[in-house]
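Chemist: Right, I'll just put the structure down here and ask away after.
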Amino acid sequence: MVSLSWLNVDQVCAAVDFTGTPASLDLSDVTFFDQFSVIYLGMFVRYHTSHGTTLEVYPPNATKAREYLARQRFWERFNFTEESITREKQFRTTTGTSLNNIIDIERRERVGEDIADQVQRLLQESQARVRSDEVAEIVAELVENFAQHSKGELAAFTMQWYPNMKRVVLALGDCGIGIRTSLSSVTRYARLRDAPHWDAAAKAFEAGVTRKREGGTGLTLVQDSVRLMRGSMLLTTGDGYVQTRANGKVVVGQMAYDLSGVQLEVVIPERR
Amino acid sequence: MSRRIEVTELAGATVSRPRGAEAYAKLHQLLAQGPLDVALDGARILSASFLDELVLKLQRARELESVTFLVTDESTTRKLERIASIRAAIIYVQAAETMPRHIVERRDVHLSPTFSSKKVPA
């Protein structure tokens, strides 16, 4: 019985033996996937599939976990190339507590606003005691950010309200070039090329840090909003992570697996 | 006396940096006729990047002095406080038409990450 979250999903990926043909991803013991783990795994599958690796997957033995992945058309969604995705498959209907479930983030005008609209509508219709406008602003900011930065590969977004745990969870991810490669491509951050991934990730949270001429406040201000709502935020890139805890403490560290791109989770507690 | 405009009249959407630039372009033209009050509360989703880009462009053009942001929403005010701090900008706000405008306080946040060799739940 394994409940997958950011605490262990990297270990599951690190355990995949790529010397075998095909490489196998063993999810047979998994009984629960949280939002972050499903995005992380999806990007793991998408990255390796798009780089020509055939992955054999042992699906969860637990019926609920297996059905959860099937409902999200997980394999169909991530085990394909970007070109093969049809528009009809990109947007899903909503349920009472989730956007049912994964939305692919296209690089197009107003994608941030459109997804934020869906989130706001869902939160307003539900009984979730969070400020739907503030959550929608965070979603808009992050989705726009991923749409701009995830070169080549599609980014994905998912949101879930957990009434029993009294929290709303957002997760986003891509399997693009990641923060270190992105930032170190400009001269002023070239020193990051040889730095640990967590160092580059922490740098990305500093105000004004961007590979472009202007901007670089998106992540800083999202972190600020999340902190003010007493929420937490986790960003992983390569084998590094930055975790902004609910108590305001910021921790950096290392993941067990070096996954391309950026994966992110925001947890917003309901008001008492 | 300043004229008033809703921020939603300045751009098709109040999300993202390009929309902030779009809003600035329209605002710049209007500022040629004198100072303006920009009402922020009417926007359904007002992203920080949008506001940051708008403020940055106004600051570069030395037009911030001619703009007063009308805002009562606490969350929007906090964003302006942070942007004022990050951009070292003087941003004028007004909570009600009967009150005088004032410079928004700068809110500094310094978060120093610490390294941990062990992952723990947040």
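The values are calculated or read from the model by the stated rules, or taken from the named source; none is laboratory data. Just so it is clear, the model here is predicted, and its values are computed rather than measured. A quick note on method: Cβ atoms are made from the backbone with ideal geometry, for glycine too, and the neighbour counts reach across all protein chains shown. These area figures cover heavy atoms from the full protein model, side chains too; ligands, DNA and RNA do not enter into them. Shrake-Rupley method; radii C 1.70, N 1.55, O 1.52, S 1.80 Å.
Chemist: With the Cα gyration tensor of segment A:209-272 giving a ≥ b ≥ c as the square roots of its eigenvalues, does the rule (a/c under 1.5 for rounded; else a/b larger than b/c for prolate; else oblate) give rounded, prolate or oblate?
Modeler: Oblate is the answer for segment A:209-272, as a/c is 1.5 or above yet b/c matches or exceeds a/b.
Chemist: For chain A, modelled as a Gaussian network with Cα springs under 10 Å, which listed residue fluctuates most, A:Ser232, A:Ser126, A:Ser260?
Modeler: Result for chain A, Cα springs under 10 Å: A:Ser126 fluctuates most.
Chemist: Report which residues of segment A:245-261 become buried by 30 Å² or more of accessible surface when going from the isolated chain to the complete set of protein chains (1.4 Å probe; DNA, RNA and ligands ignored).
Modeler: A:Arg245, A:Val250, A:Val252
Chemist: Then there's this: To the nearest 10 degrees, how steeply does helix B:17-31 sit against the main Cα axis of chain B, on a 0 to 90 scale?
Modeler: 30
Chemist: How much of the accessible area of segment A:124-172, in percent, comes from carbon and sulfur atoms when a 1.4 Å probe is used? Kindly include the intermediate steps, with their values, before the conclusion.
Modeler: Details: 770 of 1800 Å².
Looking at segment A:124-172 in its full context, I get 43 percent from C and S.
Chemist: For each pair in A:Lys166/B:Lys118; A:Lys212/A:Lys249; A:Lys166/B:Lys119; A:Lys212/B:Lys57, compute the distance between the two Cα atoms and list the pairs where it is over 21 Å. Write down the numbers at each step before the final one.
Modeler: Numbers: A:Lys166/B:Lys118 26 Å; A:Lys212/A:Lys249 28 Å; A:Lys166/B:Lys119 23 Å; A:Lys212/B:Lys57 16 Å.
Listed pairs above 21 Å: A:Lys166/B:Lys118; A:Lys212/A:Lys249; A:Lys166/B:Lys119.
Chemist: Report, as an integer, the average count of C-beta atoms from other chains found within 10 Å of each Cβ along B:11-24.
Modeler: On the way: counts 0, 3, 8, 3, 14, 13, 8, 3, 5, 1, 1, 0, 0, 0.
Partner Cβ neighbours, averaged per residue: 4.
Chemist: In segment A:116-173, what is the volume of the convex hull around the alpha carbon atoms, normalised per residue and reported in Å³?
Modeler: Cα convex hull per residue, to the nearest whole number: 67 Å³.
Chemist: Would you look at the GNM of chain B, springs on alpha carbons closer than 10 Å, and say which of B:Leu30, B:Leu54, B:Leu111 moves the most?
Modeler: Of B:Leu30, B:Leu54, B:Leu111, the Gaussian network model singles out B:Leu111 as fluctuating most.
Chemist: Further question: Just want the answer: with Cβ charges of +1 for Lys and Arg and -1 for Asp and Glu, which residue in B:Val109, A:Thr49, A:Tyr162 is farthest toward the dipole's positive end in the protein assembly as shown?
Modeler: Checked the options; the winner is B:Val109.
Chemist: Further question on the same structure: For segment B:33-81, which residues drop by 50 square angstrom or more in accessible area between the chain on its own and all protein chains together (1.4 Å probe)?
Modeler: Residues meeting the cut-off: B:Arg44, B:Ile45, B:Arg78.
Chemist: Okay, next question. Over segment A:139-272, what portion of Cα pair distances is larger than 24 Å, expressed as a whole percent?
Modeler: The share of Cα pairs beyond 24 Å in segment A:139-272 comes to 25 percent.
Chemist: Please report, in whole Å³, the volume per residue of the convex hull around the C-alpha atoms of the protein assembly as shown.
Modeler: 144
Chemist: Another question, then. Pull up all non-local amide H partners of B:Ala39: gap of 5 or more, or a different chain, and H-to-H distance under 5 Å with H placed in the peptide plane.
Modeler: It is B:Ile5, B:Glu6, B:Val7, B:Leu70, by chain and number.
Chemist: So what is the diffusion coefficient of segment B:1-86 in µm² per second by Stokes-Einstein at 25 °C and 0.890 mPa s, using a Kirkwood Rh over Cα pairs?
Modeler: The estimated diffusion coefficient comes to 195 µm²/s.
Chemist: Here is a follow-up. Between the chain alone and the structure with every protein chain in place, find the residues of segment A:204-227 that drop at least 30 Å² of accessible area; heavy atoms, 1.4 Å probe.
Modeler: A:Glu214, A:Gly215, A:Thr217, A:Leu221, A:Asp224, A:Arg227
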